[in-house]
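Notes to accompany the following structure.
Only the coordinates and a few stated rules stand behind these numbers; no lab work does. Just so we're clear, the structure is a prediction, and the values are computed from it rather than from any experiment. Because the Cβ atoms are built from the backbone with ideal geometry, glycine has one as well, and the counts that use them run over all protein chains shown.
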């Protein structure tokens, strides 16, 4: 059963300005693994897509939580060997999903021109409709 959906779009050039700013935006938004995977070419594009996925996940999950908020670093977007995106299932993320009665998160990313977009579906397997 689908429990939540979220979508987000980020302008890559505007996002690049945030990354270059003096307030360590990347440090309080992304995990070490996310930053490591963004090294090399197209860093701004990769992190913009990652941020869009975090925003989309927030929109799908937060309404299901008592606090209606969570730290973006609890959602860690990684790449599978084939390059497809996946949301890591570490202990903190699993606890967040349990609090929201979610068993799976599905994520899709796309880029077009100066835009990075993400779509997230929060699912509860075995939940009654």
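What distance in nm lies between label points placed 7 Å from Cα along the C-beta direction at residue 43 and residue 108?
Reported label-point gap for residue 43 and residue 108 is 3.1 nm.
Mind putting together the pair-distance distribution for the stretch 11-51? All Cα pairs, 5 Å bins, whole percent per bin, short to long.
Computed distribution, short to long bins: 5, 26, 37, 27, 5.
Along its principal axes, what span do the Cα atoms of the stretch 2-123 show, with the longest given first and each in whole Å?
That works out to 37, 30, 24 Å along the principal axes.
Once fully extended, how much extra length lies between residue 82 and residue 16, figured as 0.36 nm per residue of separation less the alpha-carbon to alpha-carbon distance? Numbers along the way, then the final one.
Working: separation 66, 0.36 × 66 = 23.76 nm, distance 2.58 nm.
Contour length minus Cα-Cα distance gives 21.2 nm.
Over the chain, what is the relative contact order in percent, taking alpha-carbon pairs closer than 8 angstrom and at least six residues apart? Walk me through the intermediate numbers first.
Working: 227 pairs, mean separation 48.8, N = 129.
Computed value for the chain: 38 percent relative contact order.
Taking the chain as the reference, fit the longest principal axis to its C-alpha atoms, fit the long axis of helix 43-61 to the helix C-alpha atoms, and give the angle between the two in degrees, 0 to 90, nearest 10.
The helix 43-61 is inclined about 20 degrees to the chain.
Taking the mean number of other Cβ atoms within 10 Å as a proxy for protection, how do you rank 85-93, 7-15 from highest to lowest? Let's see the in-between values first.
On the way: 85-93: 14.4, 7-15: 16.7.
Highest to lowest by the protection proxy: 7-15, 85-93.
Note the full-extension length gain between residue 125 and residue 35 as 0.36 nm times their separation in residues minus their Cα-Cα distance, in nm to one decimal. List each step's numbers first, then the result.
Numbers: separation 90, 0.36 × 90 = 32.40 nm, distance 3.11 nm.
Length gained between residue 125 and residue 35: 29.3 nm.
For the stretch 74-129, treating each Cα as an identical point scatterer without solvent, what Debye log10 I(q)/I(0) comes out at q = 0.13, 0.15, 0.20, 0.27 1/Å?
Evaluating at q = 0.13, 0.15, 0.20, 0.27 Å⁻¹ gives log10 I(q)/I(0) of -0.40, -0.51, -0.81, -1.13.
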